[in-house]
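Data block below; observations after.
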Amino acid sequence: MSEAAAHHGPPQGFIRKYVFSLDHKIIGLQYYGLALVAVFVGMFLSWLMRFHLVWPNAAIPGLQLLSKVGAPGGLITPEYYLSLLTMHGTLMVFFVLTNAPFAAFGNYFLPIQIGAEDMAFPRFNMMSFWTTFVAFVVLLAAFVVPDGPPISGWTAYAPLSAIGKDAGPGLDMGQNLWGISIAIFCIASLLGSLNFIATTLDLRAKGMTLMRMPLSTWAWFVTSCIALLAFAVLLPACLLLVLDRVAGTSFFVPAGLVVSDHLQPHSGGSPLLWQHLFWFFGHPEVYIAILPAMGIVSHILINSMRKPLLSHKVVIGSMMAIGFLSYMVWGHHMFLSGMNPFSALVFSFPTLMITIPATVLTLIWLGSLYGSRLQITAASLFALGFISMFVSGGVSGFFLAQPSIDIYLHATYFVVGHFHLVMGVAAIFGVFAGTYFWMPKMTGRMMNETLGKIHFWLSFVGAYCIFMPFHYLGLAGNVRRYSSFVDDFMAPLMPVHKFITIAALCTGAAQLIFLYNLIHSRFWGPPAPVNPWNATSLEWTVPSPPPWNNFGGVHPVVYHDPYQYSVEGAKEDFIMQNSPEQVKTTVRS
Amino acid sequence: MSQANLAVDPHAAVMEESPFAIPSSKLVMWLFIISDAVTFGAFLFAYGYIRNASTDWPTPFEHASIWNALLMTFILVTSSLTILFAVRAAQNDDRAGAFKWTLITAGGGTLFAILHLREWSSLIGEGVRMFQNPWGAPMFGATFFTITGLHMLHVIGGVIALTVVALTYRAGRYSAKHIEIWSLYWHFVDIVWMFVVPMVYLLNMKR
């Protein structure tokens with residue numbers, strides 16, 4: 001069965017051990033580190049944007065060092081605002097929301113949770129991280145090319161993204177770098193998802209049936225199945241985009257387009273084609289970000305409630321249903337793109353259908369929480385916060401899924417609020433929950449709970465203060481992607497924007513508590529025991545941090561379902577998955 | 001999952017027979033094929049989209065081109081057959097036979113690529129470029145060269161892989177498993193061509 005198990009010896013030397021490591025745990029930490037850098041860069045960019053929106057005439061000292069053209073004297077130009085926006089979105093979606101919950105935690109814990117020594121293909125694994133790293137560097141290089149990063153947004157809508165510098169700054173070299181970076185990122189993600197699927201199917205320990213896998217492992221597995229197909233479409237889309245830009249073809253540009261008084265030498269293409277290809281990837285990408293967080297949150301909540309969820313099977317089935325449906329709904333991003341209105345209706349239906357498995361999941365979480373004695377830790381607080389954000393962000397999805405309402409709300413701050421809550425904040429809360437829960441295992445040191453709880457309350461209240469008013473702004477007709485609203489009909493909304501900006505600056509600053517906690521506990525935290533949370537899954541049977549071959553050369557045998565909490569008649573209130581302890585009756589409330 | 005049958009069943013601790021009990025490397029080849037099929041699908045979708053949106057899509061392929069495409073098809077399908085012989089020989093421990101048939105397959109792929117490049121150069125000679133041709137919609141060249149080019153890259157990659165596999169197999173470091181895994185890839189390249197021929201060649205036949 002596990003003939004392809006990694007039999008690489010213990011790594012020797014710094015480079016093999018920490019840089020070009022084959023160890024899935026080091027690779028997971030590398031992904032986590034990359035995501036951490038990306039998230040702080042992305043957050044800093046959002047600060048710049050929020051600052052500029054509210055004080056458009058105030059110079060930010062030193063910003064001219066980043067771009068002489070884009071921020072002369074520290075004053076952000078409208079075009080450079082769009083560049084910042086593009087980089088914020090691209091960094092956050094690809095290098096944070098895809099990397100942190102999926103690649104980082106998945107790499108670290110998927111093999112341990114199924115009782116494997118390593119991934120099925122450690123070399124692929126190393127390649128996939130370093131390919132991601134190259135993609136990251138290529139993307140950041142857009143900051144240093146003369147005309148700066150592209151202004152076309154993270155969705156890179158054609159024809160803006162497909163024609164050259166006529167269309168504006170950043171659309172020359174910057175957009176090329178963007179296309180190449182994302183194509184490289186696709187290859188990395190494909191390698192990663194191949195590896196995840198093969199590992200899950202082939203390297204499970206004896207007794208670890210599919211149904212005995214923890215929900216986090218299930219989530220990573222379903223996510224890798226989604227990623228395998230989604231990135232396979234974004235890759236050709238990016239290749240065709242780069243061809244349009246460098247080989248003079250015209251996949252995404254229609255005939256007769258005049259930009260900056262120049263007739264573009266393109267004809268025969270369709271901007272809608274880009275949107276179809278992009279969103280065929282783009283919508284599943286939302287679930288690539290959120291599904292791992294769902295798995296992590298379920299895993300943590302069960303531990304804190306000391307009882308399994310109402311149904312293990314239905315949770316898995318709902319995640320699969322979400323994954324499957326995510327491929328049928330891409331058109332709901334294109335209601336106003338000039339599709340046949342009938343198609344809008346067709347795409348609206350499966351979009352509303354996704355709410356069924358999503359609601360089932362939410363009800364299972366809430367129903368399981370009902371009557372449980374939840375232990376309040378930083379991890380469980382963030383798990384609850386995830387549910388809150390997921391519901392709040394998801395409800396606005398009902399509105400946007402209907403073409404008639406979307407006509408009004410499209411490209412307003414309502415949409416921005418919606419996807420930031422449901423995809424951004426919710427997934428990041430999942431990552432925070434995972435961090436507070438698993439960091440003791442990853443570093444061998446406990447994190448500070450009090451700081452963690454302070455971090456939670458500041459982030460929770462802060463995130464709502466930032467993103468809830470977005471919905472109000474959107475309903476009031478405030479369009480997105482404008483760099484200032486001073487002279488517009490939107491001027492009366494400025495006080496709301498001021499409030500949001502102050503909230504964003506404060507919430508961002510609160511993340512420094514997290515950073516401090518992370519770094520301080522890494523070096524000076526109290527040593528973590530093997531199983532600090534009295535949890536049942538296999539990652540808590542190995543030392544903190546685990547040795548290079550996870551189980552010390554012993555092949556674990558699994559005897560139980562993943563979540564044997566509050567078992568009557570057991571020696572403790574829980575039974576580890578690998579414990580041979582047998583009890584006659586298992587009673588759940 | 002129902003928690004009731006947990007600890008009482010003594011067989012519950014034994015790994016169930018997996019329906020996916022194939023070597024990981026073979027599984028990964030299948031997964032790669034699925035993913036790559038989607039990639040080709042996206043290219044063909046883009047081609048169909050643009051072709052349908054054009055009013056002056058050229059249909060330049062004369063009978064000679066079609067015959068050439070059919071000859072290439074014949075060669076590629078035959079090479080799919082020869083890789084089957086290679087797999088069977090390898091499974092029967094006929095090392096010389098497996099080596100021979102794998103190399104013959106790689107030879108078929110090379111012949112295919114040569115015929116294809118010859119066709120490309122004659123098209124380029126007629127004035128077809130990425131975004132220019134003497135007949136009509138300039139996107140004809142872009143779709144033709146990207147789709148057939150991607151396929152040709154797969155063929156050339158496959159030829160290199162098969163040669164390496166054949167040599168490593170003869171040296172005794174690879175087993176029948178590796179030939180079988182790469183035969184899957186080769187069949188996939190063949191099947192993709194079966195979509196390319198009708199969509200890119202037959203639809204664009206001169207009428």
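The values are calculated or read from the model by the stated rules, or taken from the named source; none is laboratory data. All figures in this text were calculated on a predicted structure; none of them were measured in a lab. Cβ sites come from the backbone with ideal geometry, for glycine too, and all protein chains shown count toward neighbours.
Here are some residues: A:Gly282, A:Gly256. Which one is part of a loop (DSSP other than H, G, I, E, B), surrounded by fewer than 22 Cβ atoms within 10 Å (Cβ to Cβ), more than 9 Å from chain B (Cβ to nearest Cβ) and not hydroxyl-bearing (Ser, Thr, Tyr)? Can you show your working first?
Numbers: A:Gly282 fails: part of a loop (DSSP other than H, G, I, E, B).
Checking each option against the conditions leaves just A:Gly256.
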Quick one: in region B:40-81, which of the residues that are at the interface with chain A (Cβ under 9 Å from one of its Cβ atoms) and free of Cβ contacts under 8 Å to residues at least 12 places away in the same chain is farthest from B:Tyr185 (Cα to Cα)?
B:Ala53
Filtering region B:146-198 for residues that are more than 26 Å from A:Leu241 (Cβ to Cβ) and over 12 Å from the mean Cα position of the chain (by Cα) leaves a count of 24
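Out of all the residues in region B:134-152, which are surrounded by 15 or more Cβ atoms within 10 Å (Cβ to Cβ) and more than 15 Å from B:Arg51 (Cα to Cα)? Explain how you work it out, then say what you get.
In the first step, residues of region B:134-152 are kept if they are surrounded by 15 or more Cβ atoms within 10 Å (Cβ to Cβ); the result is B:135-148, B:150-152.
Result: B:Thr148, B:Leu150, B:His151, B:Met152.
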Restricting to region A:166-190, what's the tally of residues that are within 14 Å of chain B (Cβ to nearest Cβ) and buried (at least 24 other Cβ atoms within 10 Å of the Cβ)?
4
Taking region B:152-207, which residues are part of a helix (DSSP H, G or I) and of a type in the set (Lys, Arg)?
B:Arg170, B:Lys177
Picked from region B:15-39 (must be more than 9 Å from chain A (Cβ to nearest Cβ) and either in a helix (DSSP H, G or I) or over 24 Å from B:Leu184 (Cβ atoms) (or both)), the residue modelled with the lowest pLDDT is B:Lys26
Residue under question is A:Tyr408, and the condition is that it be in a helix (DSSP H, G or I) and within 21 Å of the chain's Cα centre (by Cα); does it hold?
no
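Might you let me know whether region A:361-375 holds any residue that is within 20 Å of the chain's Cα centre (by Cα), touching a residue at least 40 places away in the same chain (Cβ under 8 Å) and over 28 Å from A:Ala183 (Cβ atoms)?
Taking region A:361-375 and keeping what is within 20 Å of the chain's Cα centre (by Cα), we get A:361-362.
Imposing the further condition that a residue be touching a residue at least 40 places away in the same chain (Cβ under 8 Å) reduces the set to A:361.
Among the residues that remain, those that are also over 28 Å from A:Ala183 (Cβ atoms) are: A:361.
Looking for residues that are within 20 Å of the chain's Cα centre (by Cα), touching a residue at least 40 places away in the same chain (Cβ under 8 Å) and over 28 Å from A:Ala183 (Cβ atoms), one finds at least one in region A:361-375, hence yes.
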What's the number of the only condition in (1) assigned to a helix (DSSP H, G or I); (2) within 9 Å of chain B (Cβ to nearest Cβ); (3) among the β-branched types (Val, Ile, Thr) that A:Val242 fails to meet?
(2)
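A quick yes/no check of all residues on (1) hydrophobic (A, V, I, L, M, F, W, C); (2) in contact with a Cys (Cβ under 7 Å, 6 or more places away or on another chain); (3) within 13 Å of another protein chain (Cβ to nearest Cβ); (4) without any contact (Cβ under 8 Å) to a residue 12 or more places away in the chain:
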residue: B:Leu150; (1), (2), (3), (4): yes, no, yes, no
residue: B:Val155; (1), (2), (3), (4): yes, no, no, no
residue: B:Tyr174; (1), (2), (3), (4): no, no, no, yes
residue: B:Glu180; (1), (2), (3), (4): no, no, no, no
residue: B:His187; (1), (2), (3), (4): no, no, no, no
residue: B:Asp190; (1), (2), (3), (4): no, no, no, no
residue: B:Met199; (1), (2), (3), (4): yes, no, no, no
Pick from region A:193-211 the residues that are hydroxyl-bearing (Ser, Thr, Tyr) and more than 11 Å from A:Ala116 (Cβ to Cβ): which of them is nearest to the other protein chains (Cβ to nearest Cβ)?
A:Thr209
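If I filter region A:303-344 down to residues being touching a Leu at 6+ places or on another chain (Cβ under 8 Å), hydrophobic (A, V, I, L, M, F, W, C) and under 15 Å from A:Cys225 (Cβ atoms), which single residue comes out as surrounded by the fewest Cβ atoms within 10 Å (Cβ to Cβ)?
Taking region A:303-344 as the starting set, the residues that turn out to be touching a Leu at 6+ places or on another chain (Cβ under 8 Å) are A:304-305, A:309, A:312, A:315-316, A:318-319, A:322-323, A:327, A:332, A:334, A:337-339.
Next cut, hydrophobic (A, V, I, L, M, F, W, C) only: A:305, A:309, A:315-316, A:319, A:322, A:334, A:339.
With the extra rule that they be under 15 Å from A:Cys225 (Cβ atoms), the set shrinks to A:316, A:319, A:322.
On the way: A:Ile316: 21, A:Met319: 26, A:Ile322: 24.
Across region A:303-344, the extreme among qualifying residues is A:Ile316.
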Out of all the residues in region B:44-56, is one or more of a type in the set (Lys, Arg) and under 14 Å from A:Phe251 (Cα atoms)?
yes
Which listed residue, of A:Gly430, A:Gly394, A:Gly385, A:Gly434, is part of a helix (DSSP H, G or I) and surrounded by fewer than 24 Cβ atoms within 10 Å (Cβ to Cβ):
A:Gly394
Residue list for region A:251-284, filter: closer than 20 Å to A:Gly170 by Cα and without any contact (Cβ under 8 Å) to a residue 40 or more places away in the chain
A:Val258, A:Asp261, A:Leu263, A:Pro265
Have a look at A:Pro357, A:Pro350 and point out the one that is more than 14 Å from chain B (Cβ to nearest Cβ) and either touching a Cys at 6+ places or on another chain (Cβ under 7 Å) or closer than 29 Å to A:Thr377 by Cβ (or both).
A:Pro357
Starting from residues that are farther than 21 Å from B:Ser122 by Cα and surrounded by fewer than 16 Cβ atoms within 10 Å (Cβ to Cβ), keep the ones in region B:40-76 and report whichever is modelled with the highest pLDDT.
B:Gly48
Among the residues of region B:122-141, write down those that are part of a loop (DSSP other than H, G, I, E, B) and either more than 8 Å from chain A (Cβ to nearest Cβ) or in contact with a Lys or Arg (Cβ under 7 Å, 6 or more places away or on another chain) (or both).
B:Glu126, B:Gly127, B:Val128, B:Asn133, B:Pro134, B:Trp135, B:Gly136
Residues satisfying the stated conditions in region A:473-507, i.e. in a helix (DSSP H, G or I), surrounded by 18 or more Cβ atoms within 10 Å (Cβ to Cβ) and of a type in the set (Gly, Ala, Ser):
A:Gly474, A:Ala503, A:Ala504
